[in-house]
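The values are calculated or read from the model by the stated rules, or taken from the named source; none is laboratory data. No experiment lies behind these values; they were computed from the predicted model shown. Cβ atoms come from the backbone with ideal geometry, glycine included; neighbour counts cover every protein chain shown. When the accessible area is computed, the model is the full protein with side chains, heavy atoms only, and any ligands, DNA or RNA have been set aside. Shrake-Rupley method; radii C 1.70, N 1.55, O 1.52, S 1.80 Å.
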Amino acid sequence: IFYISFILLFTVCRKEIDGTKSNSSLKYLIGGNSDKVSKIEKTKDGGFIYCGYTIGSFNEKNAFMMKVDLNGKKEWYKTYGGHNFDIFEHAIECADGGFIAVGQTNSFGKGFTGGNQILLDYVVKTNSKGELEWQNSYIPFTSGEGKLLSVIESKDHHYYATGGIYDSTTKNPGIFLIKLNATGSLAAPLAFFNDFKNYKPVPNLTPTFYEYGCHISFSADGSLLIGGVMSYDSFPLPPPSKAVARKNNLLNFLLSIDATNFKTINFFQYYNQFIRSAGYLTESHRIPNIKVIASADGYFIGTFFPLSLTEVNMQLNKTDLNGNLLWEKKYRGLGQAVFYDMQKLSDESL
């Protein structure tokens, strides 16, 4: 009797979620089998472009983009990639009305043809309807791992993207920067940054396998701004291993580079050390969300500040035009307060 009553109760109370029939102001969008959204960006028509990955099978992930209009109605949903692992971390609308997305793959480029199916960079360009125009992978290594996390388009219609790489052959990590033409060909040699001690002495800062450019943007003078995280080789507590210690202890940084000459570093600044719990190391996509927004007198850097397994604060730094820290704020609630994104409003507030 109890079992039958439970089934009847479940049947009566069950509610289908359908974005076309719901009376709620929320929109429920059906995409793939099991979608994870990485980033959402606004489009020129007032709508949004989503990107991330969807699970095709136990050992297959397909990258996806989804376009919705200003009312939240899905216009199209498309998947990209091959037979292995493909994800998007960031997608933007381009000046030509199409879209460009960046992430990680082992279905294309050296990740596939090298025979060992390593995870390397992935770039996809589409038209306005999400139909593929070109796709490519640029890292030449055949061992290691690479990932692109952020992309931007310049006024002269070049694409700049940044991320991180670890070459397991040379044991050489680094922040990865590419510049592409509209057709997807390299507009400049690949650039790697992994040793800032030659530019500015940083006590105990050593190149390790955890360095990522998380966000790329332009400053008012046209320079490239890369905000990200890198390892800090000095752990205050007894670490379980040196490798985990370097991954746990991270610094936020802001890097300014000449957009026409990647060898010219305008400034490199690093900020407060913070500790990430071991739980954050279990999945490679758990790289801290970081965003940099330029203002008239400096830059805002948003991220989050994990202190333990149970406490996470949102963090906002304000710097001057040379990246020098002016102030730092932390925000928290009753539980974890994780930073994902921020926007500058018309009154210059965030």
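On the basis of the beta-carbon distance and an R0 of 35 Å, Leu325 and Asp69 show a calculated FRET efficiency of 0.30. Ordered by solvent-accessible area of protein heavy atoms (1.4 Å probe), largest first, the residues Met314, Met65 come out as Met314, Met65. Pairs with C-alpha atoms separated by more than 24 Å, drawn from the list Lys155/Lys291; Lys42/Lys125; Lys263/Lys344; Lys36/Lys318; Lys125/Lys155, are Lys263/Lys344; Lys36/Lys318. Near Lys61, the amide H atoms lying under 5 Å from its own belong to Gly56, Phe85, Asp86; only residues 5 or more places off or on other chains count, and H is placed 1.01 Å from N. Between Asn127 and Val37, the C-beta separation translates, for a Förster distance of 22 Å, into a calculated FRET efficiency of about 0.50.
Counting only heavy atoms of the protein chains and using a 1.4 Å probe, His157 has close to 100 Å² of accessible surface. Applied to the stretch 213-229, the Karplus parametrisation 6.51 cos²θ - 1.76 cosθ + 1.60 on θ = phi - 60° returns per-residue 3J(HN,Hα) values of x, 9, 8, 10, 7, 10, 8, 4, 8, x, 6, 7, 10, 10, x, x, 9 Hz, with x for Gly and Pro.
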